[in-house]
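Below is one structure, written out as structure tokens; the observations come after it.
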Amino acid sequence: MRKIRKILIANRGEIAVRIARTCRELGIRTVAIYSVPDRRSPHVRACDEAYEIGPAASRNSYLKAGDIAALAAHVKADAVHPGYGFLAENADFAEACARHGVTFVGPPPSALRAMGDKTAARQLMQDAAVPVVPGTIEPVKSDEEALAMAEDVGYPILLKAAAGGGGKGMRAVRQAADLPRALSSARGEAASAFGDDRVFIEKLIVKPRHIELQILADGHGNCIHLFERECSIQRRHQKVIEEAPSPIITDTLRKQMGAAAVAAALSCGYVNAGTVEFLVDDERNFYFMEMNTRLQVEHPVTEWITGIDLVAEQIRIAEGASLGFSQSDVQLTGHAVESRIYAEDPDNDFLPDPGPLLRHRVPSGPGVRVDAGVEEGGRVEIYYDPMISKISTWGRTRAECLRRMDRALAEYEIAGVRTTIPFCRFVVQHEAFVRGDFSTHFVEDHFSPEARASLQSADSNAVAVAAAMAYEELNTAENGVSDGDRRARSPWLNRRELQ
């Protein structure tokens with residue numbers, strides 16, 4: 001067993017801060033990397049050492065696999081933790097770390113490659129008797145072949161990038177006449193995003209639920225699941241709100257899906273933390289969709305309901321330790337929900353809205369956790385994912401958890417950029433979500449133009465209040481105005497106190 005004493009965190013933002021916190025608790029020294037605009041970012045200060053890795057563009061900084069692996073060796077790091085995104089699922093990076101004598105905190109390159117190619121993963125799952133969505137195993141080679149395959153599968157169908165993820169290279173097609181154009185578009189987006197234009201066909205599951213199973217596997221043949229997460233609230237095929245457990249999963253179905261997730265992991269020799277994602281139809285049939293070979297953004301909800309620090313377990317497994325518990329040892333307690341707070345405009349198709357954070361005051365209180373990667377006075381950069389933070393809440397019941405989330409979102413103050421806070425409140429208050437009666441089409445089904453307009457009005461008022469408070473505080477600091485004087489002349493503050 002190799003003891004890890006120093007880890008280079010090959011990432012930025014909230015996930016780098018989150019990894020650094022667990023490392024500090026474990027007595028492990030940490031090394032941050034940063035691009036030029038990230039020089040003063042919170043993740044840099046969260047670590048014991050920090051090194052500039054390049055200019056703003058990811059391809060010249062956070063995606064420089066060889067340089068990052070070499071830097072890890074140079075600073076005498078025992079291991080590299082990739083977080084999620086960037087190089088987290090890059091088999092070449094894992095191999096580069098090994099060449100430099102540095103442990104990669106994640107699965108072996110063979111598992112990364114097996115699950116990174118969606119068509120190869122589908123074949124692997126069929127061989128392991130894990131249910132898959134009907135469709136093609138091999139990528140389609142021509143429009144003619146695609147038309148023939150689509151007829152066999154039956155419309156509606158879904159085009160998916162073989163090397164894809166995050167909704168890129170994905171197109172729904174409901175009739176044959178639309179297929180050639182959709183195929184061209186999906187191939188172009190896949191080539192741009194992944195350098196691989198291969199596309200395959202799946203049957204489109206109407207009104208599906210997106211449900212994933214967290215797994216942990218060690219290097220000694222042990223693998224368990226840590227229950228499911230419901231991830232159906234999405235925009236542009238990307239998650240916004242997640243919860244654990246799912247409101248529609250029964251104990252019997254949970255055992256079936258858990259066994260399938262473990263079988264999926266074992267089929268490719270998986271080691272470390274990973275997530276097996278499924279689609280569930282309206283009759284509660286489930287189908288393998290893909291495996292994310294890394295830590296997930298939404299992992300806090302699993303930590304809430306199990307009490308297990310997933311990053312700590314990742315590090316233990318990377319050291320060569322066996323799992324310290326069995327499947328029967330893992331207990332599900334209470335309910336947890338996570339809201340992703342993005343600098344996006346929900347009224348404008350959730351387009352990014354990067355800029356300065358004039359105000360950033362996070363909620364707190366019992367059962368509330370905030371993982372933030374930026375802070376007041378900083379910026380949401382245009383070069384990277386526009387996530388500001390993620391809020392997660394825990395409650396003894398789902399109802400209590402949702403009330404706590406609504407309260408936390410109401411407390412959250414951000415000024416300078418539009419955010420998804422109003423949309424998240426819209427969701428957790430919506431009767432369909434409260435009932436547990438929703439699908440991945442929630443936005444299309446319920447987020448009407450009228451709802452968007454009401455959010456825009458509410459968000460504008462909140463931004464005005466927060467901006468006014470930030471301005472008042474700046475004046476107080478610069479001019480020595482007393483807190484009492486400031487309150488006496490601020491109608492925004494007086495209004496807040498009377499509400």
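The values are calculated or read from the model by the stated rules, or taken from the named source; none is laboratory data. The structure presented is a predicted model; accordingly, all values stated were derived computationally and were not measured. Backbone-built Cβ (ideal geometry, glycine too); neighbour counts: all protein chains shown. Note: areas computed on protein heavy atoms with side chains; ligands, DNA, RNA excluded. Shrake-Rupley method; radii C 1.70, N 1.55, O 1.52, S 1.80 Å.
Can you pull the percent of the chain's accessible area that's carbon plus sulfur, 1.4 Å probe, other chains left in place? Mind dumping the intermediate values first?
Numbers: 10170 of 20410 Å².
Taking all protein chains in place, the chain shows 50 percent carbon and sulfur surface.
Just how many pairs of Lys in the chain have C-alpha atoms closer than 25 Å, counting pairs that are eight or more places apart or on different chains?
Final tally of qualifying lysine pairs is 29.
With each pseudo-label sitting 7 Å past Cα toward Cβ, what's the residue 236-residue 120 distance in nm, one decimal?
In this crude spin-label approximation the distance works out to 2.9 nm.
Would you rank 184, 448, 35 by solvent-accessible area, highest first, keeping every protein chain in place and using a 1.4 Å probe? Display every interim value, and only then the final one.
Details: 184 80, 448 45, 35 0 Å².
Sorted by accessible area, descending: 184, 448, 35.
Cα gyration tensor of region 160-236, axes a ≥ b ≥ c as square roots of the eigenvalues: rounded (a/c below 1.5), prolate (a/b > b/c) or oblate? It would help to have the intermediate numbers written out before the result.
Values: a/c = 2.84, a/b = 1.75, b/c = 1.62.
Note, shape of region 160-236 comes out prolate.
Rounded, prolate or oblate for region 117-193? Axes are the square roots of the Cα gyration tensor eigenvalues, ordered a ≥ b ≥ c, and the cut-off for rounded is a/c under 1.5. Mind showing how you got there, number by number?
Numbers: a/c = 1.95, a/b = 1.24, b/c = 1.57.
Verdict is oblate for region 117-193.
Provide the per residue accessible area, probe 1.4 Å, for the chain, rounded to a whole number of square angstrom.
On the way: 20410 Å² over 499 residues.
Result: 41 Å² of accessible area for each residue.
How many nm separate the modelled label positions at residue 441 and residue 383, each set 7 Å beyond the Cα in the direction of the Cβ?
Between residue 441 and residue 383, the label points sit 4.1 nm apart.
To the nearest 0.05, how large is the calculated FRET efficiency for residue 259 and residue 376 if R₀ is 41 Å and r is the Cβ-Cβ distance? Intermediate values should be presented prior to the final figure.
Values: r = 46 Å, r/R0 = 1.13.
For residue 259 and residue 376, the calculated efficiency is 0.30.
For the chain, what is the mean residue ellipticity at 222 nm derived from helices alone (per DSSP H run of n ≥ 4: -39500 (n - 2.57); sum divided by total residues; nearest 500 deg cm²/dmol)? Present the calculation step by step, with values, prior to reporting the outcome.
On the way: 18 runs with 194 residues, N = 499.
After summing the helix terms and dividing by residue count, I get -11500 deg cm²/dmol.
For residue 403 and residue 322, what is the calculated FRET efficiency with R₀ set at 56 Å and r taken between the beta-carbons, to the nearest 0.05?
Values: r = 40 Å, r/R0 = 0.72.
Computed FRET efficiency for residue 403 and residue 322 comes out at 0.90.
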